[in-house]
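The values are calculated or read from the model by the stated rules, or taken from the named source; none is laboratory data. These numbers come from a predicted model, not from an experiment. Methodologically, a virtual Cβ is constructed for each residue, glycine included, from the backbone with ideal geometry; neighbour enumeration extends over all protein chains shown. Just so you know, the surface numbers come from the protein's heavy atoms only, side chains and all, with ligands and any DNA or RNA stripped out. Shrake-Rupley method; radii C 1.70, N 1.55, O 1.52, S 1.80 Å.
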Amino acid sequence: MTDRIEAAAAELRPLLQEFILWARENAPGSDSNLVGPVVLWHRLIASDNVGRWKRADLRTVLLDRMPQVVEDPDAAADGMVSAVRAYLTFLSETDRLATGSSSLKELLAELDDLEDDFVDAMEDIVVDQDEYEDDEEEDEGLGDFEPFADELAELPTIRLRPDAELASATRQAALISKARDLAVWVGSERRVGETSLLTDAEITEALAALGLPAPAPGGKPLADSVPALWNIWNLAIDLDFLQPEGEDTVSADADTADWPFEEDDDALDVWMAGLHSIDYGDPELEDEDATIALSGLTRALLVRVLLATGSKPLAELRTELAEAAAEYDERGAEAWAAATAQYGDPLNPVLDWLAGYGMVEVEHDQVRLTPLGMEGVVHLTDDADIELDARPAIDAMTALDLLSFSAELPEEEADAEFAAWMELREPDRAAKELLEAAAEDDADALIRVQAASMVGSLGEVAVPAWQDALDEPSLRPYAATHLAQLGVDDAPPPTQADTHWLILDMLTISAGLGRPEFVSSLDDIGNVPNLVNLLDVIWKVPHPHLEELLEAIGKAHPDKQVGKAAKRALFKARSTHN
């Protein structure tokens, strides 16, 4: 059966690649990756002709086969039917729906009929999996970060370097340059094969173009002897340097030859697109089961270096990872020995890939995360839904960074960040930067209050910045209030509208803390008559959260008078807005 699956997959690959390109333009909301298993099993159990689809085929594949083979039932429940709908439309619009097929209208109607049953089947699988996980404790994989979540949460603050420095480092990544060179060698519309992408002669040319050594002659086909080439090929696809063109061709993207890109954002986007290529650093062994036993080794090394605050002796890593491999897989020790025999050290391919991607440096048998590596591991932990205290380095922290992070910190810690940030700036310049940052989003009341507090602590040196802020509607209430407190001549006095804006900002923040805090903040404003009087006039303030706050007051406040006043105010605000 395995041979049949591999042959069918090879047969379908060009068609699926063309569908992926079609879907980008014609069905952008569908997940084209979900189509592959459906099309494969349609070919294996329903029809020898990949273009012939009948209504009964859909039920056979989706309801009978998919529940047995689906890998991610959650994703399948969310998007598989819509993806199949897009695929069938693709076949019809490109004249690939073969003779003998049901009409597209009939096929789509059948999909509609069975969608609920399919979703129910996927949800049953999810329930079964949850019950199994409750009953059986499974060992985590070698590359999983979850077992280290508590330790990661306790790490001291991780400081990340600015984008300009990181982008500069990406331009030096040797593996990205090799991926570019391979794509440039591929050129435009190079035909690829079904079983081996390139012929032996092409493989030899590609190795030469990349400066990779040709393997010694042996009993294996050449294509099976050059895993390094295929890793770079896959990286080029991850980076969008290579893209499928048509059924059996591949082409270099038009911009590939321009790497390294000049714009920092563009350079970082490319590097981030290939971040998960770190898995290509795992050892590849003759025995497939042994290879699987060491899968995740690259990630396992990264998380251990991170836990050592970015630097760890190679010998310690080798010992820990050998023990981890033996613990997580019954063939782990055997696989480690095989990797030692093949590579000299199982960590050699891991470190070679990470160094080539700019993420680690090895010096005097010490493995150290580079700034780019630290950035990458922080993203990987975030992908694993594990929280880290990661912030920009103080010298790289913008005013908006400072405001955003400080808003989430305890007061003493926020004060320390502010003090360290201020040491690198003149107070008048700092005040200007903070207020400009606060003005970027007039809907963010918390950032605005945070900025006003920080700038207010600077005293008279901040007067010019406050005067400039009078022209910014969201900051004018704060500027007028602080200028009045400082006794600045000719400063406009705060108006009633300014006071109302400040109240709405305060309510916006308290609403985000929960119902009890929100009601408490309403009580702080005054008694019921005062609150009703306020609601009778505050609806005129053009605050970005006015309507949602009035609606929340009507629902949350226990007094009926206040609720009625809030509803009247909401009606007036909406009428005025409309």
Can you tell me which residue within segment 37-66, out of those that are of a type outside the set (Phe, Trp, Tyr) and not in a helix (DSSP H, G or I), is nearest to ASP95 (Cα to Cα)?
GLY51
Looking only at segment 33-66, how many residues end up being touching a helix residue (DSSP H, G or I) at 6+ places or on another chain (Cβ under 8 Å), open to solvent by less than 80 Å² (accessible area, probe 1.4 Å) and under 22 Å from ALA109 (Cβ atoms)?
19
Would you check which residues across segment 189-215 are in a loop (DSSP other than H, G, I, E, B) and open to solvent by 50 Å² or more (accessible area, probe 1.4 Å) and list them?
GLU189, GLU194, THR195, LEU197, THR199, GLY211, PRO213, ALA214
Of all residues making up segment 366-422, the number that are among the charged types (D, E, K, R), farther than 30 Å from ASP352 by Cβ and without any contact (Cβ under 8 Å) to a residue 12 or more places away in the chain
6
Any idea which of ALA465, ALA396, ALA443, ALA407 is among the small types (Gly, Ala, Ser) and at pLDDT 90 or above?
ALA465
Which listed residue, of ASP264, ASP289, is of a type outside the set (Lys, Arg), within 28 Å of GLU194 (Cα to Cα) and either free of Cβ contacts under 8 Å to residues at least 60 places away in the same chain or surrounded by fewer than 20 Cβ atoms within 10 Å (Cβ to Cβ) (or both)
ASP289
Restricting attention to segment 396-449, report how many residues are acidic (Asp, Glu), assigned to a loop (DSSP other than H, G, I, E, B) and open to solvent by 60 Å² or more (accessible area, probe 1.4 Å).
6
Among the residues of segment 301-315, write down those that are modelled with pLDDT of 95 or more and either part of a strand (DSSP E or B) or exposed (fewer than 14 other Cβ atoms within 10 Å of the Cβ) (or both).
SER311, LYS312, PRO313, ALA315
Residue under evaluation GLY356, criteria (1) free of Cβ contacts under 8 Å to residues at least 24 places away in the same chain; (2) surrounded by 18 or more Cβ atoms within 10 Å (Cβ to Cβ), criterion not met
(1)
So ASP253, is it farther than 23 Å from ALA355 by Cβ, in contact with a Phe, Trp or Tyr (Cβ under 9 Å, 6 or more places away or on another chain), of a type outside the set (A, V, I, L, M, F, W, C) and open to solvent by 40 Å² or more (accessible area, probe 1.4 Å)
yes
Is there any pair with a first residue in segment 524-550 that is farther than 19 Å from ASP444 by Cα and a second that is assigned to a loop (DSSP other than H, G, I, E, B) whose Cβ atoms are under 6 Å apart and which are 6 or more apart or on different chains, and what are they?
VAL528/ASP559
Looking only at segment 236-274, which residues are farther than 18 Å from LYS178 by Cβ and among the β-branched types (Val, Ile, Thr)?
THR249
Please verify whether segment 12-32 includes one or more residues that are farther than 30 Å from ARG191 by Cβ and assigned to a helix (DSSP H, G or I).
no
Going through segment 222-281 one residue at a time, which ones are part of a helix (DSSP H, G or I), over 20 Å from ASP383 (Cα atoms) and hydrophobic (A, V, I, L, M, F, W, C)?
LEU222, ALA223, ALA228, LEU229, TRP230, ILE232, TRP233, ALA236, ILE237, ALA257, ALA267
Which pairs do you get when a residue that is over 14 Å from ALA430 (Cβ atoms), found in segment 446-468, comes within reach of a residue that is in a helix (DSSP H, G or I) and small (Gly, Ala, Ser), reach meaning Cβ atoms under 8 angstrom, with the pair 6+ apart or on two chains?
ILE447/SER404; ILE447/ALA437; ILE447/ALA438; ARG448/ALA438; GLN467/ALA479
GLU327 open to solvent by 70 Å² or more (accessible area, probe 1.4 Å) and within 20 Å of PHE145 (Cβ to Cβ)
yes
Which condition does GLY526 not pass, out of (1) within 25 Å of THR576 (Cα to Cα); (2) surrounded by fewer than 21 Cβ atoms within 10 Å (Cβ to Cβ), if it passes all the others?
(1)
Within the bounds of segment 436-444, is there any residue that is free of Cβ contacts under 8 Å to residues at least 12 places away in the same chain and in contact with an Asp or Glu (Cβ under 6 Å, 6 or more places away or on another chain)?
no
